[in-house]
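For reference, the structure is listed below as structure tokens.
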Amino acid sequence: MTQRYFIELAYKGTHFHGWQVQPNAASVQECLEKALSTVTREVISVTGAGRTDTGVHASYFVAHFDSEKLTLDHPDFAHKLNSFLNMDIVIFGISKVNAEAHARFDAISRTYQYHINLRKDPFSLETSWYFFGKPDVESMNEASRILFEYTDFTSFSKLHTDVKTNNCKIYRAEWFQKDSEIIFTVKADRFLRNMVRALVGTILEVGIGKLNLDEFRKVIELKDRGAAGLSVPAHGLFLTDVEYPEHLFKRTS
């Protein structure tokens, strides 16, 4: 008998070539699988909630795996597993889920944040993008509200991907400034490859006066990646939340 588990974790993506296993390159998935296999003394494969790119971080990430052992949801196991992982990865907890639960396909929403620093800061070089200028945050929020009117975000998708549709439902999109840092938060039912970084790059053009709101709307309607702005660097991007239906989890009384 095998038990399926969801594992909650976070990682700093600076030294990884993304989540997914790649030949001759360090990945979060590979490190996690090695640690799990070592501790459980089984061959463990993990499936993640998504595929973050090289340099992208996750302050909250979920993956699932199967094991013959039935008590891995005990806090002591997560503590032991952390001792086998370097400081770039941390395990928060492990939960039992139904046998069919899937970390990627059962997610009902994901939330990302993009961090921009308007001041040169050596302590945030790996976790935010230094941008020289003073973008208008209010106009960027006005542009972000336009996103709720649309579902086809082809203009912000990486070209030649294998997805069947470029439709996404955006639930939240807003900018917040605190001191020298500007943070963009966006939540949707799904995201396209490179979508958040392309959105940030294009909305930033509104913030610096390169695009007006009508022109931003036109970028969306053209459904052409060439019409949108450049993708901002990966190191400012964080996956911050993944939500699942409650019925997936096995709750103990």
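A few comments on the model shown:
- Hits in region 29-61 (condition: among the basic types (Lys, Arg) and either at pLDDT below 95 or in the same structural domain as Val232 (by TED's automatic domain parsing) (or both)): Arg51
- Within region 28-45, the set of residues being buried (at least 16 other Cβ atoms within 10 Å of the Cβ) and either of a type in the set (Asp, Glu) or touching a residue at least 40 places away in the same chain (Cβ under 8 Å) (or both) comprises Val28, Glu30, Cys31, Leu32, Glu33, Ala35, Leu36, Val39.
- Pro245 meets each of the listed conditions (1) outside the structural domain of Tyr130 (by TED's automatic domain parsing); (2) free of Cβ contacts under 8 Å to residues at least 24 places away in the same chain apart from (2).
- First in region 64-88 and under 23 Å from Val242 (Cα atoms), second anywhere and part of a helix (DSSP H, G or I) and of a type in the set (A, V, I, L, M), Cβ under 6 Å, 6 or more apart: Leu81/Ala35; Leu81/Val39; Leu85/Ala35
- The number of residues in region 69-111 that are in contact with a strand residue (DSSP E or B) (Cβ under 7 Å, 6 or more places away or on another chain) and among the basic types (Lys, Arg) comes to 3.
- Residue within region 48-55 that is without any contact (Cβ under 8 Å) to a residue 60 or more places away in the chain, touching a strand residue (DSSP E or B) at 6+ places or on another chain (Cβ under 6 Å), closer than 30 Å to Ala188 by Cα and surrounded by 18 or more Cβ atoms within 10 Å (Cβ to Cβ) present: yes
- Filtered residues of region 131-161 (kept if of a type in the set (Phe, Trp, Tyr) and within 13 Å of Gly201 (Cα to Cα)): Phe131, Phe156
- Some residue of region 176-191 being surrounded by fewer than 21 Cβ atoms within 10 Å (Cβ to Cβ) and part of a helix (DSSP H, G or I): no
- Residue-level check: of (1) out of contact with any Ser or Thr (no Cβ under 9 Å at 6 or more places or on another chain); (2) closer than 28 Å to Gly48 by Cβ; (3) modelled with pLDDT of 95 or more, Ala198 misses just (1).
- Residue in region 209-218 that is over 16 Å from the mean Cα position of the chain (by Cα), over 30 Å from Val97 (Cα atoms), assigned to a helix (DSSP H, G or I) and among the acidic types (Asp, Glu) present: yes
- Of all residues in region 101-134, those satisfying the criterion of being loosely packed, with under 13 Cβ neighbours inside 10 Å, out of contact with any Ser or Thr (no Cβ under 6 Å at 6 or more places or on another chain) and touching a residue at least 40 places away in the same chain (Cβ under 8 Å) are Ile108, Gly133.
The values are calculated or read from the model by the stated rules, or taken from the named source; none is laboratory data. As the structure is a computational prediction, the values presented were derived from the model and not from experiment. Cβ atoms come from the backbone with ideal geometry, glycine included; neighbour counts cover every protein chain shown.
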